[in-house]
Amino acid sequence: MFPLLPRDRWFVVLLGTVLFQCCFQNDRTVAQEIDDRFIDGKIASWVTLYEELHASPELSFREEKTSTKLAQRLKGKEVDVTTGIGKTGYVGVIKNGNGPTVMFRTDLDGLPVVEQSGVEYASKVRVKDARGVEVGVMHACAHDIHMSCQIAAAEYLLEHRSQWQGTLVLVGQPAEEIGGGAKAMLADGLLVRFPLPDFAIALHVDPEMPTGMLGYRAGNMMASVDSVDIVVKGKGGHGAFPQKTIDPVVQAAHLILDLQSLVSRENNPLEPAVITVGSIHAGTKHNIIDSSCKLQLTVRSYSPDVRQRLLDGIVRKAKAAAISAGAEEPSIEFSDDTPATINDSALVTRLVPAFRKVLGTERVVDVPPVMGGEDFSQYGLAGVPIAMFRIGTQSPSRIDAMAKEGKALPSLHSPFFFPEPKETILTGTKALVATALDLMPVKN
C-alpha cells in the first residue's frame, strides 16, 4: 500500500464527510427556535382562558363543563378529541408525521375551598358535595394554570407544525385531588384506545418559587399518598357520668398521639414519612359522650417498605387503643393508594438543556422532592417514562413584600393562594413547547 500524501489525506477526509452526510441525512435533526412573537401575541387570550377557568371550578369527577370547554377549544384547532374518558376527562390527538408520541397531561378538578384571594376573577361557586353539604369550590392548586399551559402549547404547536414531527396526545384528567382520575383514564383504555406515549409530561405549580423559574428533579419528585378513615368505637352516655361510658374522644386522643410515634420512633429518620390527622369528629353537645369518633388521616412516604410499615402500624395502634380502653375494635378503611411520583432520570436529563435554552440557565434549577402527592405517578407505573416539572407562580415583588411584613406566602390548597397568571403561563407554555421540539424533532 502506498502512503497518502497530505493533499490525498484531505481528500479522503472530505469524501468521508460527504458520504456520512448522505448516508445519515435522514437521522439528522434540525434545532428549532421558539417563536416568541407568536407567544407574545397570544398570551392575553391564554390569560383570559385562565381567568374563565379560575372563576368556574368543578369538583373531582364533576368536571363536565371544564372538560367540554377545553375540548371545544381544541376541536376548533383541528384536533381529534374524545370526551368522557375516565368519566369526565378528554383526550386530544394531533398527528404530524412520523416520529415519537408525547403526552401532555393536565388535571381538571378544583377543591372544596371557599376562595378568599381577593382577585377580580375569584370563584364564587357553591355546590353540594357527596355528603350533601354545601361547599365553596376553588382552583386552590392552580389546575387552571396547568390547563391554560396545555392549551397554549397545543395552539403554538398547531401553528408551527414545521418545527416538530410526531404525535402529540393532550390528556385532560379528572379527579387528581382525590387520587382517582389517572386510574379511571387508564381503566378506560387511555394507553390502548389512543397512541401509546413514548414520554409523558406534566407541570405542577410551586407556591413559593418566583415567576420565570422552572424546577426539575430526576428520580423521586412527590410522595405516595394513602388516606385512612378510622371509626373509634365507644359506649355513649351522659357527660356527667363518664364512668358509665367508654369515651371514644379520649380513646381517639391517645391514638392521635400514639400514631406520631410511628414516625418519630419506628421509622428511620433518614426515610421521609408523614402521618397527619386532618379531621376528627364526634358528639353533638357539651354534655353528651358519643358512641364513636371519626378520624381522617393522610399518610405520605417514598419507600414502599416505609409505606407498608406505616399502614400496618396504624392498624396496630388503633386496635391497641381500643384494647386499652376496653372498647370494641375500630373500623379502618384505606383509600387513594397513590404511589410516589418518580421522574424518569434519563428524560429529565435530556430536557434540562432545552429548558435552559428557552428560559435561561439561571432560571432552571434542581429542586428537592416534597411530601405532596400526585396521581401522575400512575402513568409511570403503567410503563410510560414520565417527568413532572415545577413552575414558579409568585412575582419577585410580592415575595419581597411578604418577607418584609414577616408573612409566609399562602400554600397550595389555601383560600388565599393565587399565582401571577401571565408570567406563570409564559413559563409553563415555553417549557412544554421546548419539550415537544426536543422530543419530537424534525429530521432532514
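The table for this structure:
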| item | result |
| --- | --- |
| Odd one out for THR338, checked against (1) of a type in the set (Ser, Thr, Tyr); (2) touching a residue at least 24 places away in the same chain (Cβ under 8 Å); (3) surrounded by fewer than 17 Cβ atoms within 10 Å (Cβ to Cβ) | (3) |
| Single match in ASP206, ASP247, ASP226 (criterion: at pLDDT 95 or above, buried (at least 17 other Cβ atoms within 10 Å of the Cβ), touching a Lys or Arg at 6+ places or on another chain (Cβ under 6 Å) and not β-branched (Val, Ile, Thr)) | ASP206 |
| Verdict on VAL358 being in a helix (DSSP H, G or I), aliphatic (A, V, I, L, M) and free of Cβ contacts under 8 Å to residues at least 24 places away in the same chain | no |
| The stretch 36-83, subset among the basic types (Lys, Arg) and within 24 Å of ARG126 (Cα to Cα), residue surrounded by the most Cβ atoms within 10 Å (Cβ to Cβ) | ARG62 |
| Residue count for the stretch 317-326, restricted to those that are surrounded by fewer than 19 Cβ atoms within 10 Å (Cβ to Cβ) and of a type outside the set (Lys, Arg) | 4 |
| Given (1) buried (at least 16 other Cβ atoms within 10 Å of the Cβ); (2) in a loop (DSSP other than H, G, I, E, B); (3) not hydroxyl-bearing (Ser, Thr, Tyr), number of the condition ILE314 does not satisfy | (2) |
| Among (1) farther than 24 Å from PRO100 by Cα; (2) within 22 Å of the chain's Cα centre (by Cα); (3) surrounded by 15 or more Cβ atoms within 10 Å (Cβ to Cβ), the one test that PRO304 misses | (3) |
| Selection status of GLU374, in the same structural domain as TYR302 (by TED's automatic domain parsing) and within 20 Å of GLY180 (Cβ to Cβ) | no |
| Inter-residue pairs, beta-carbon under 6 Å, first outside any helix (DSSP H, G or I) and in the stretch 34-45, second of a type in the set (Val, Ile, Thr), 6+ apart | ILE34/VAL358; ILE34/VAL433 |
| Output for the stretch 145-184, where each listed residue is under 19 Å from PHE389 (Cα atoms), small (Gly, Ala, Ser) and either part of a helix (DSSP H, G or I) or more than 15 Å from the chain's Cα centre (by Cα) (or both) | SER148, ALA152, ALA153, ALA154, ALA182 |
| Among (1) closer than 23 Å to LYS75 by Cβ; (2) under 14 Å from the mean Cα position of the chain (by Cα) - the single one ALA142 does not satisfy | (1) |
| Qualifying residue in the stretch 374-385 (condition: in a strand (DSSP E or B), touching a residue at least 60 places away in the same chain (Cβ under 8 Å) and in contact with a strand residue (DSSP E or B) (Cβ under 9 Å, 6 or more places away or on another chain)) | no |
| Among (1) in contact with an Asp or Glu (Cβ under 8 Å, 6 or more places away or on another chain); (2) of a type outside the set (Phe, Trp, Tyr); (3) in a strand (DSSP E or B); (4) not assigned by TED's automatic domain parsing to the domain that holds MET103, the one test that ARG309 misses | (3) |
| Number of positions in the stretch 282-301 that are of a type outside the set (A, V, I, L, M, F, W, C) and either part of a strand (DSSP E or B) or closer than 17 Å to SER227 by Cβ (or both) | 6 |
| In the stretch 106-128, the residues that are exposed (fewer than 13 other Cβ atoms within 10 Å of the Cβ) and either under 17 Å from PHE61 (Cα atoms) or in contact with a Leu (Cβ under 7 Å, 6 or more places away or on another chain) (or both) | ARG126, LYS128 |
| Test: residue in the stretch 281-292 that is at pLDDT 95 or above, on the phi > 0 side of the Ramachandran plot and surrounded by 15 or more Cβ atoms within 10 Å (Cβ to Cβ) | yes |
| The listed residue being under 12 Å from GLU208 (Cα atoms) and among the small types (Gly, Ala, Ser), out of ALA408, ALA401, ALA431 | ALA408 |
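The values are calculated or read from the model by the stated rules, or taken from the named source; none is laboratory data. Small disclaimer: the values here were computed from a predicted structure and weren't measured. All Cβ positions, even for glycine, are placed from backbone atoms using ideal geometry, and neighbour counts span all protein chains on display.
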